[in-house]
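Visitor: Got a structure for you, questions after.
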């Protein structure tokens, strides 16, 4: 392995807003030269001091007919492995990523999510370069409650992992439950790299000076995030409680969430979203963060998303839905409360019974936990995996 090997990082996401991939770029950039491929603007502005060769992918081509054909093309690969590539080849951005990989100079490929696995396999066959996969979550079951996923997307993801997963020099995922599933179902180990942000200085936990309890949800306003239940709870609570909604999508004027919050001005506040590097600082002035994902599928039942660790690093207490892994984590570390069910009444009942002293105690527990669970410790696992994979090639 040369002193400055080059790692090529691909993610079919807007990397400048993708907190997990940004951390990969930051920490790998300290050790290696980088080629980075993704959507949107270059992430360089988010990562001062990190040098990279940036390649922007074209936006996906739309059209219902194209989507239907691409979905149906997930079936032929069941019988003929060479046809596994068909649905990906229909995507203009996938073809462009392959073109870049043909011409770019790099020593190891890092793919993000299972949708990049075939590109890792292809470039290994073409060049002999090793590849590492960060699967994030467990793709075969990520939307198992939806018929189209059970029929088409899930079976294909399962098949690709079964056929090609062991070809990677190494793999990572976001928590130990998913890691155990990769080992059990597909016979390869996956290391855990949790979604913890950088450690930043924060003041000691204390009651909010205005005497109110400030609640916050930040992230995407998808239907399975239960924002309606959270807004409904505010209607049942007294004036002590203020809810801040910092939505990355879905909070625009006229949205369903603004309509539901009508009449709650001053008690439901829509905050402007901030860059990933600014989230923890922005959250730090509040008290309780909400991670009340509906446990609709396997991934949801075991999710520990970015927001979960952002709340911890901001020194907030956490309220989570009764999803298996989040509940275990909250109870083990004493950083918050677990809802019996996700309804306005359940949320309001829990919060009404919470004292200011309990809030301070759980915020203090989060403050202690963040000292050991942070990006430096988590991303080191990925950096060392990449180093070993490069060294084994020599």
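Visitor: Please tell me if residue 182 is out of contact with any strand residue (DSSP E or B) (no Cβ under 6 Å at 6 or more places or on another chain), in a helix (DSSP H, G or I) and modelled with pLDDT of 95 or more. Write out each step before concluding.
Guide: Details: out of contact with any strand residue (DSSP E or B) (no Cβ under 6 Å at 6 or more places or on another chain): yes; in a helix (DSSP H, G or I): yes; modelled with pLDDT of 95 or more: yes.
It is true that residue 182 is out of contact with any strand residue (DSSP E or B) (no Cβ under 6 Å at 6 or more places or on another chain), in a helix (DSSP H, G or I) and modelled with pLDDT of 95 or more.
Visitor: Which of the following residues is farther than 22 Å from residue 326 by Cα, touching a strand residue (DSSP E or B) at 6+ places or on another chain (Cβ under 6 Å) and assigned by TED's automatic domain parsing to the domain that holds residue 132: 190, 169?
Guide: Details: 190 fails: farther than 22 Å from residue 326 by Cα.
169 is the lone residue from the list that is farther than 22 Å from residue 326 by Cα, touching a strand residue (DSSP E or B) at 6+ places or on another chain (Cβ under 6 Å) and assigned by TED's automatic domain parsing to the domain that holds residue 132.
Visitor: When you look at residue 285, is it farther than 25 Å from residue 22 by Cβ, modelled with pLDDT under 90 and touching a strand residue (DSSP E or B) at 6+ places or on another chain (Cβ under 8 Å), yes or no? I'd like the intermediate steps shown before the answer.
Guide: Details: farther than 25 Å from residue 22 by Cβ: no; modelled with pLDDT under 90: yes; touching a strand residue (DSSP E or B) at 6+ places or on another chain (Cβ under 8 Å): yes.
In short, no.
Visitor: If I ask for residues that are farther than 19 Å from residue 11 by Cβ and in contact with a helix residue (DSSP H, G or I) (Cβ under 8 Å, 6 or more places away or on another chain), which ones from the stretch 84-108 would you list?
Guide: 84, 85, 86, 89, 90, listed by residue number.
Visitor: Look through 245, 264, 191 and report the one residue that is surrounded by 14 or more Cβ atoms within 10 Å (Cβ to Cβ) and farther than 30 Å from residue 375 by Cα. Talk me through it step by step, then tell me what you get.
Guide: Working: 245 fails: farther than 30 Å from residue 375 by Cα; 191 fails: farther than 30 Å from residue 375 by Cα.
That would be 264, the only listed residue that is surrounded by 14 or more Cβ atoms within 10 Å (Cβ to Cβ) and farther than 30 Å from residue 375 by Cα.
Visitor: Between 285, 289, which is in contact (Cβ under 8 Å) with a residue 12 or more places away in the chain, farther than 23 Å from residue 43 by Cα, in a loop (DSSP other than H, G, I, E, B) and assigned by TED's automatic domain parsing to the domain that holds residue 349? Steps first, answer last, please.
Guide: Numbers: 289 fails: in a loop (DSSP other than H, G, I, E, B).
None of the other options fit; the residue is 285.
Visitor: With 125, 129 as the choices, which residue is in a loop (DSSP other than H, G, I, E, B) and within 26 Å of residue 391 (Cα to Cα)?
Guide: Values: 125 fails: in a loop (DSSP other than H, G, I, E, B).
Residue meeting the stated conditions: 129.
For every residue, the table says whether it meets (1) under 27 Å from residue 235 (Cβ atoms); (2) in contact with a strand residue (DSSP E or B) (Cβ under 7 Å, 6 or more places away or on another chain); (3) not in a helix (DSSP H, G or I).
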residue: 270; (1), (2), (3): yes, yes, yes
residue: 311; (1), (2), (3): yes, yes, no
residue: 351; (1), (2), (3): yes, yes, no
residue: 361; (1), (2), (3): no, no, no
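Visitor: Which one of these does residue 227 not meet: (1) out of contact with any helix residue (DSSP H, G or I) (no Cβ under 6 Å at 6 or more places or on another chain); (2) assigned by TED's automatic domain parsing to the domain that holds residue 319; (3) surrounded by 15 or more Cβ atoms within 10 Å (Cβ to Cβ); (4) on the phi < 0 side of the Ramachandran plot?
Guide: Of (1) out of contact with any helix residue (DSSP H, G or I) (no Cβ under 6 Å at 6 or more places or on another chain); (2) assigned by TED's automatic domain parsing to the domain that holds residue 319; (3) surrounded by 15 or more Cβ atoms within 10 Å (Cβ to Cβ); (4) on the phi < 0 side of the Ramachandran plot, only one is false for residue 227: (1).
Visitor: Considering only residues of the stretch 160-177 that are within 15 Å of residue 298 (Cα to Cα) and in contact (Cβ under 8 Å) with a residue 60 or more places away in the chain, which is surrounded by the most Cβ atoms within 10 Å (Cβ to Cβ)?
Guide: Let us first name the residues in the stretch 160-177 that are within 15 Å of residue 298 (Cα to Cα), namely 173-177.
Restricting the remaining residues to those that are in contact (Cβ under 8 Å) with a residue 60 or more places away in the chain gives 174-175, 177.
Values: 174: 26, 175: 19, 177: 20.
Taking the candidates together, the pick is 174.
Visitor: Could you give me the residue pairs with C-beta distances under 8 Å whose first residue belongs to the stretch 68-93 and is not assigned by TED's automatic domain parsing to the domain that holds residue 152, whose second residue is surrounded by 14 or more Cβ atoms within 10 Å (Cβ to Cβ) wherever it lies, and which are 6+ apart or on separate chains?
Guide: none
Visitor: Within the stretch 319-336, how many residues are crowded, with 18+ Cβ neighbours inside 10 Å and more than 22 Å from residue 297 (Cα to Cα)?
Guide: 2
Visitor: What is the number of the single condition among (1) free of Cβ contacts under 8 Å to residues at least 12 places away in the same chain; (2) in contact with a strand residue (DSSP E or B) (Cβ under 6 Å, 6 or more places away or on another chain) that residue 57 does not meet?
Guide: The number of the failed condition is (1).
Visitor: Restrict the check to the stretch 142-159 and report whether at least one residue is on the phi > 0 side of the Ramachandran plot and in contact (Cβ under 8 Å) with a residue 60 or more places away in the chain. Before you say what the answer is, go through the steps one by one.
Guide: Here is the first cut: in the stretch 142-159, the residues on the phi > 0 side of the Ramachandran plot are none.
No, the stretch 142-159 has no match at all.
Here's the yes/no breakdown for (1) closer than 26 Å to residue 189 by Cβ; (2) at pLDDT 90 or above; (3) not in a helix (DSSP H, G or I):
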site	(1), (2), (3)
71	no, no, no
86	no, yes, no
98	no, yes, no
101	yes, yes, no
110	yes, yes, yes
117	yes, yes, no
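Visitor: If you don't mind, another one. Please go through the stretch 120-135 and pick out each residue that is without any contact (Cβ under 8 Å) to a residue 40 or more places away in the chain, out of contact with any strand residue (DSSP E or B) (no Cβ under 7 Å at 6 or more places or on another chain) and within 19 Å of residue 162 (Cβ to Cβ).
Guide: Result: 122, 125.
Visitor: Please find, among 16, 45, the residue that is touching a residue at least 24 places away in the same chain (Cβ under 8 Å), closer than 13 Å to residue 277 by Cα and more than 20 Å from the chain's Cα centre (by Cα). Quick ask: steps written out before the conclusion?
Guide: Values: 16 fails: more than 20 Å from the chain's Cα centre (by Cα).
Only one candidate passes the filter, namely 45.
Visitor: Could I ask something else about it? Here is a list: 38, 62, 49. Which entry is within 23 Å of residue 310 (Cβ to Cβ), outside the structural domain of residue 276 (by TED's automatic domain parsing) and assigned to a loop (DSSP other than H, G, I, E, B)?
Guide: 49
The values are calculated or read from the model by the stated rules, or taken from the named source; none is laboratory data. Given the structure is predicted, the values throughout are model-derived calculations rather than measurements. Quick reminder, even Gly has a Cβ in these numbers, built from the backbone with ideal geometry, and neighbours come from all protein chains shown.
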